[in-house]
1. Condition first: in contact with a helix residue (DSSP H, G or I) (Cβ under 8 Å, 6 or more places away or on another chain), open to solvent by less than 10 Å² (accessible area, probe 1.4 Å) and outside any strand (DSSP E or B). Now tell me which residues in region 171-208 satisfy that.
2. Is it true that some residue in region 214-229 is farther than 17 Å from GLY293 by Cβ, open to solvent by 10 Å² or more (accessible area, probe 1.4 Å), free of Cβ contacts under 8 Å to residues at least 24 places away in the same chain and not hydrophobic (A, V, I, L, M, F, W, C)?
3. Condition first: without any contact (Cβ under 8 Å) to a residue 60 or more places away in the chain, buried (at least 21 other Cβ atoms within 10 Å of the Cβ) and either in a strand (DSSP E or B) or hydroxyl-bearing (Ser, Thr, Tyr) (or both). Can you find one or more residues in region 234-245 that meet it?
4. Of the residues VAL299, VAL318, VAL288, which single one is in contact with a strand residue (DSSP E or B) (Cβ under 6 Å, 6 or more places away or on another chain), surrounded by fewer than 21 Cβ atoms within 10 Å (Cβ to Cβ) and modelled with pLDDT of 95 or more?
5. Quick one: in region 251-260, which of the residues that are part of a loop (DSSP other than H, G, I, E, B) and open to solvent by less than 10 Å² (accessible area, probe 1.4 Å) is nearest to GLU272 (Cα to Cα)?
6. Pick from region 56-75 the residues that are open to solvent by less than 40 Å² (accessible area, probe 1.4 Å) and either among the hydroxyl-bearing types (Ser, Thr, Tyr) or in a helix (DSSP H, G or I) (or both): which of them is nearest to ASN122 (Cα to Cα)?
7. Quick check on my filter: what residues within region 209-222 are in contact with a helix residue (DSSP H, G or I) (Cβ under 9 Å, 6 or more places away or on another chain) and among the β-branched types (Val, Ile, Thr)?
8. Do the conditions hold for THR324, that is, is it touching a residue at least 40 places away in the same chain (Cβ under 8 Å), outside any helix (DSSP H, G or I) and closer than 26 Å to SER160 by Cβ?
Amino acid sequence: MTLHRTDQAERPRPRRWRGPAIGVAALALAAAGALVAMPDASAATFNLQGWATQGGGTTGGGSASPVTVTSSSALISNMQASGARVIRVSGTISISGMQKVAANKTIIGVGSGATITGGGLNVSEVSNVIIRNVNFRGWGDDAINVQYSTRVWIDHNSFSDGSDGAVDIKRASDYVTVSWNRFFDHDKTALLGHSDGNGGEDRGHLRVTYNNNWFDGTNQRHPRVRFGNPVHVFNNYYSNIGSYGVASTCEAGVLVEGNYFENVEDPFHRGEGSSPDGNLVARNNHFVNSGSGETGGSVAGIPYSYQMDSASSVKASVTSGAGTGKI
């Protein structure tokens, strides 16, 4: 496997249901001083929220004059060039392997049909990258790989039918938001932290927000978390999930808040495969024909303010707003 992956196999594990999703653990988080957003049925916003607002914020190519690309050579040359660039992807572009994205780039699709197929984007050892409104199809490794990188916003994309991870974030990456994406027809969706043995690099990093995404019939890792604390999973819609929703492992602290779970037997739990239990606090989630989840431990406070829908309204807002062609 390229890109230094040492992800461990995930094996079936006994589920240890420990009561309702909202309980003592939520009080532990509140005591830690988290900023709490009051749910508002009209609060949904396409603006950047979460961890990518921290550390100086994420602006990508900023106000650079946009360039439109229609070929793999133009896409690759522009996204690997130095300096700030806004790159508009038009039509379907086939690439091979994992192609590096340089710092200070915005990659944004034109309309609803902009597609990158065959390969993926490697956001490695850079900062300040935005990837929006692109359909990723049939990638051979990861659709988007983020490693040793900070201040990254992955927003309003669609991911389906790939070989490995859709959005994998690892190796001390930090200040990342994954928002308003749709994931479907795929297995391994969102890995956060690639190895149980990488704590020396990952502790104090891997702080990521997942908000308003639609996990549509996917199988696992929504996300699967190691070491990151706090990781914030809010206002996502989980529908017909095959294996499990969220897993917290290896010292991680995950806040699962205001999500809508429908036909999800195992919405969230601690531990996964051979990875030990992490910490998981759940509050104000909405369940339809779903399990209650497993919680335990405490999670560090969320340092940013955020707008949040009431959980019962998330299905409607996310199905109408997530994926390409909506911005």
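1. As a first pass, look at region 171-208 and keep what is in contact with a helix residue (DSSP H, G or I) (Cβ under 8 Å, 6 or more places away or on another chain): 171-172, 174-177, 179-180, 193, 207-208.
Remaining after also requiring open to solvent by less than 10 Å² (accessible area, probe 1.4 Å): 174, 176-177, 179-180, 193, 208.
If the condition is that a residue be in contact with a helix residue (DSSP H, G or I) (Cβ under 8 Å, 6 or more places away or on another chain), open to solvent by less than 10 Å² (accessible area, probe 1.4 Å) and outside any strand (DSSP E or B), then TRP180, GLY193 are the ones that fit.
2. no
3. Checked region 234-245: at least one residue is without any contact (Cβ under 8 Å) to a residue 60 or more places away in the chain, buried (at least 21 other Cβ atoms within 10 Å of the Cβ) and either in a strand (DSSP E or B) or hydroxyl-bearing (Ser, Thr, Tyr) (or both).
4. Numbers: VAL299 fails: surrounded by fewer than 21 Cβ atoms within 10 Å (Cβ to Cβ); VAL318 fails: surrounded by fewer than 21 Cβ atoms within 10 Å (Cβ to Cβ).
Answer to the selection: VAL288.
5. Let us first name the residues in region 251-260 that are part of a loop (DSSP other than H, G, I, E, B), namely 251-252, 258-259.
Those left that are additionally open to solvent by less than 10 Å² (accessible area, probe 1.4 Å): 252, 258-259.
Details: ALA252: 12, GLY258: 23, ASN259: 21 Å.
So the residue we want is ALA252.
6. Let us first name the residues in region 56-75 that are open to solvent by less than 40 Å² (accessible area, probe 1.4 Å), namely 57-58, 60-61, 64, 69, 74-75.
Retained after the next criterion (residues that are either among the hydroxyl-bearing types (Ser, Thr, Tyr) or in a helix (DSSP H, G or I) (or both)): 58, 74-75.
Details: THR58: 17, ALA74: 16, LEU75: 13 Å.
It comes out as LEU75.
7. Of all residues in region 209-222, those in contact with a helix residue (DSSP H, G or I) (Cβ under 9 Å, 6 or more places away or on another chain) come to 209-214, 216.
Passing the criteria: only THR209.
8. Numbers: touching a residue at least 40 places away in the same chain (Cβ under 8 Å): yes; outside any helix (DSSP H, G or I): yes; closer than 26 Å to SER160 by Cβ: yes.
The answer is yes for THR324.
The values are calculated or read from the model by the stated rules, or taken from the named source; none is laboratory data. None of the values given here were measured: they were computed from a predicted structure. Cβ: placed from backbone, ideal geometry, glycine included. Neighbour counts: every protein chain shown. Each accessible area value is taken on the protein alone, full model and side chains, heavy atoms only, with ligands, DNA and RNA left out. Shrake-Rupley method; radii C 1.70, N 1.55, O 1.52, S 1.80 Å.
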